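Accompanying notes for the structure given below.
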Amino acid sequence: MLTRRELLRSLPLACAGVTTIVAAAAEPKVIGILNPFFRSDVQAALERFDLEMLRHGWVKGKNFTVVERMAEGHNERLAVMARELVELKVDLIFASPTNSVVEAQKATSTIPIVFVSVSDPVGSGFAVSLAHPGHNLTGVSNWAGDFSGKRLDLLKQMVPNLTRAAVLVTSKTPNYAALLSGIQTNAPSLGVSVTLVEAALPLRLEDAFKKITASGAQAIYVAGDPYLWVARRQVADLALQARLPTAYVFVEEVEAGGLMSYSADTQDWMRQSAIFVDKIFKGANPGDLPIEQPAKFDLVINGKTAAALGLKIPPSLSIQAARVID
């Protein structure tokens with residue numbers, strides 16, 4: 001394995017055309033990227049992160065470099081990858097989502113960790129409080145568990161005759177309890193009964209969809225789960241084959257063919273994350289930096305999928321939608 005010094009020597013240290021440069025140390029800062037995704041899944045987000053870092057004067061390849069550890073759907077690799085980043089003595093770990101943060105926290109109590117897409121930082125043990133995390137972590141919460149009832153309500157508006165819905169999860173779904181609580185609290189008032197369907201790991205989605213069909217479900221709420229996110233195209237395809245409308249936590253799942261999502265602005269996560277990294281690299285203690293919560297949530301609907309399912313987008317949703325994908 002490369003040492004930190006060998007790693008830095010192997011990385012380019014020049015960047016042309018940039019006039020705003022921070023006063024950097026002799027060696028560039030090293031950020032370790034840890035997540036369970038394929039690089040193609042997060043390339044746009046990482047490019048946005050680089051741009052946001054540049055806004056603070058941090059030039060990739062000059063003032064900072066990155067080491068990527070992406071599990072490509074093999075979540076079991078995250079623990080080893082987190083330890084590799086610690087052994088490389090990176091200056092900061094940028095982790096997403098919850099399962100990656102869990103492994104990063106296990107691997108180090110001293111290296112700063114900035115996270116994104118964590119729905120319950122306090123409940124997950126990452127922070128003492130949102131206002132004062134108190135450990136070596138801070139970052140951006142996505143509030144995923146808190147809006148499960150809202151998503152079910154939006155799904156009901158799209159499918160007015162909805163009386164039975166399935167909730168698709170895995171055994172690793174973050175904040176399982178919060179998700180179920182939110183749905184079970186709101187379902188009765190909407191006249192909807194819910195059936196929990198757990199997809200076995202390694203993912204056996206075909207079997208899960210057989211259970212969903214057998215339950216008589218008329219629609220599916222897909223949990224904000226890293227395994228399901230990586231398999232989002234397969235989930236969307238199977239749902240379309242079963243002619244079942246779907247509600248999701250993340251917009252990327254709708255872009256992959258799902259019906260609708262209600263989620264925080266994921267691009268804004270990169271802006272907020274860069275602010276945290278800038279402050280930490282300038283000496284701030286992550287435990288003193290309040291965790292950010294998204295202020296803006298967008299409804300996104302896949303119009304092509306709606307048409308394929310024979311659904312007409314009601315005016316109430318058209319007005320609310322930030323985007324309708326054609």
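The values are calculated or read from the model by the stated rules, or taken from the named source; none is laboratory data. These numbers were taken from a predicted model, which means no experiment stands behind them. Heads up, the Cβs are rebuilt from the backbone with ideal geometry, glycines too, and the neighbour counts pull from every protein chain shown.
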Count of residues meeting criterion [among the acidic types (Asp, Glu) and at pLDDT 95 or above] in segment 211-253: 2
Lone unmet requirement of (1) under 24 Å from the mean Cα position of the chain (by Cα); (2) under 16 Å from Arg151 (Cα atoms); (3) surrounded by 14 or more Cβ atoms within 10 Å (Cβ to Cβ) for Gly287: (2)
Subset of segment 201-210 (residues that are surrounded by fewer than 16 Cβ atoms within 10 Å (Cβ to Cβ) and either at pLDDT below 95 or assigned by TED's automatic domain parsing to the domain that holds Val116 (or both)): Leu201, Pro202, Arg204
Pairs, first in the same structural domain as Ala107 (by TED's automatic domain parsing) in segment 72-85, second surrounded by fewer than 16 Cβ atoms within 10 Å (Cβ to Cβ) and not aliphatic (A, V, I, L, M), C-beta under 6 Å, six or more apart: Glu72/Phe38
Odd one out for Thr173 among (1) touching a strand residue (DSSP E or B) at 6+ places or on another chain (Cβ under 7 Å); (2) among the hydroxyl-bearing types (Ser, Thr, Tyr); (3) within 19 Å of Pro97 (Cβ to Cβ): (1)
Subset tally (residues that are outside any helix (DSSP H, G or I) and in contact with a strand residue (DSSP E or B) (Cβ under 8 Å, 6 or more places away or on another chain)) for segment 186-199: 8
Residue within segment 178-185 that is closer than 23 Å to Ala208 by Cβ, surrounded by fewer than 18 Cβ atoms within 10 Å (Cβ to Cβ) and free of Cβ contacts under 8 Å to residues at least 40 places away in the same chain present: yes
Only listed residue being closer than 19 Å to Pro314 by Cβ and either in contact with a helix residue (DSSP H, G or I) (Cβ under 8 Å, 6 or more places away or on another chain) or in a strand (DSSP E or B) (or both), chosen from Leu179, Leu152: Leu152
Output for segment 64-108, where each listed residue is assigned to a helix (DSSP H, G or I) and either at positive phi or not aliphatic (A, V, I, L, M) (or both): Asn75, Glu76, Arg77, Arg83, Glu84, Glu87, Thr98, Asn99, Ser100, Glu103, Gln105, Lys106
Residue within segment 152-162 that is at pLDDT below 90 and within 22 Å of the chain's Cα centre (by Cα) present: no
Within segment 254-276, considering residues that are modelled with pLDDT of 95 or more, surrounded by fewer than 24 Cβ atoms within 10 Å (Cβ to Cβ) and aliphatic (A, V, I, L, M), the one nearest to Gly149 (Cα to Cα): Ala256
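Here is a yes/no grid of residues against (1) in the same structural domain as Trp229 (by TED's automatic domain parsing); (2) touching a residue at least 12 places away in the same chain (Cβ under 8 Å):
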position: Val122; (1), (2): no, no
position: His135; (1), (2): no, yes
position: Lys172; (1), (2): yes, yes
position: Gly191; (1), (2): yes, yes
Residue in segment 216-241 that is nearest to Leu196 (Cα to Cα), counting only those that are in contact (Cβ under 8 Å) with a residue 40 or more places away in the chain and either touching a Gly at 6+ places or on another chain (Cβ under 6 Å) or surrounded by fewer than 16 Cβ atoms within 10 Å (Cβ to Cβ) (or both): Gly216
Selection from segment 141-173 of residues that are among the hydrophobic types (A, V, I, L, M, F, W, C) and touching a Pro at 6+ places or on another chain (Cβ under 7 Å): Trp143, Leu155, Met158, Val159
Residue list for segment 301-310, restricted to those being surrounded by fewer than 17 Cβ atoms within 10 Å (Cβ to Cβ) and farther than 15 Å from Ser261 by Cα: Ala307, Ala308, Gly310
Segment 41-74, subset among the polar types (S, T, N, Q) and buried (at least 20 other Cβ atoms within 10 Å of the Cβ), residue nearest to Met270 (Cα to Cα): Thr65
Enumeration of residues in segment 97-123 that are in contact with a helix residue (DSSP H, G or I) (Cβ under 8 Å, 6 or more places away or on another chain), crowded, with 17+ Cβ neighbours inside 10 Å, of a type outside the set (Val, Ile, Thr) and farther than 18 Å from Lys29 by Cβ: Pro97, Asn99, Ser100, Glu103, Ala107, Ser117, Ser119, Asp120
